[in-house]
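Single-structure report; data block below.
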Amino acid sequence: MMMKRLLSLGAAALASLVGGCGDGPSTVPGGYRNAATWSSFIYATSSGPLLLDVRGDPFGAGSADLGQAVATGMAAGIPARPFTLTLDAAAAARPNFRVMVVLGGAKELDERAICAGRAQGAATRIEGGRLDLIATFCDGEALLSSVRGWVARIDGVDDRRFQRLLGQVARELMGEAP
């Protein structure tokens, strides 16, 4: 498992060097990952959509369009395990489990505070600048895993580089099958 992780990190580092432009997307795993993250993800998505909570709107796209773009990008990130995300708690199969994405959150923002609902994202519009995000996978207020990521010079919610970032975030957030 450790060797697999090292190879994964090495491949990611090599990809970023080959990419050359330094505009991302790039992700870094959080400091804590519950051993039950993958099995919790499977359980949470086994009979319907996983709840998604998006904080911040740095694109000025509106919460529905932004939420749908985030849901689409993240769901495409794990093709081996098809799943969907919903912004509607009533439509979620197990609403206690949820993914929270904070767009433009403060660098010092604690992941546990995000799961507890105490996080806000940026409300200011970015124009071709850098977008930072923090994503958490939560069971109630308990943190299961987290990821930080960024991408620069994006045009909006449909930008393919933003969508690639969201896919990377989903893979890193949920981990791999044991």
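The values are calculated or read from the model by the stated rules, or taken from the named source; none is laboratory data. Keep in mind that this is a model prediction, so the values were computed, not measured. Just the protein is used for accessible areas: all its heavy atoms, side chains included, with ligands, DNA and RNA removed. Shrake-Rupley method; radii C 1.70, N 1.55, O 1.52, S 1.80 Å.
At the listed q of 0.18, 0.21 Å⁻¹, the Debye profile of segment 40-178, built from one uniform point per Cα, gives log10 I(q)/I(0) equal to -0.96, -1.34. One equal scatterer on each Cα of segment 91-163, no solvent, Debye formula: the resulting log10 I(q)/I(0) at q = 0.13, 0.24 Å⁻¹ is -0.42, -1.05. Rolling a 1.4 Å probe over the protein chains gives Asp88 an accessible area of about 80 Å². Given a 1.4 Å probe and every protein chain left where it sits, what share in percent of the accessible area of segment 51-178 is carbon and sulfur? Of all accessible area on segment 51-178, carbon and sulfur atoms account for 51 percent. With all protein chains in place and ligands, DNA and RNA left out, the 1.4 Å accessible area ranks Thr136, Thr27, Thr84 as Thr84, Thr27, Thr136, largest first.
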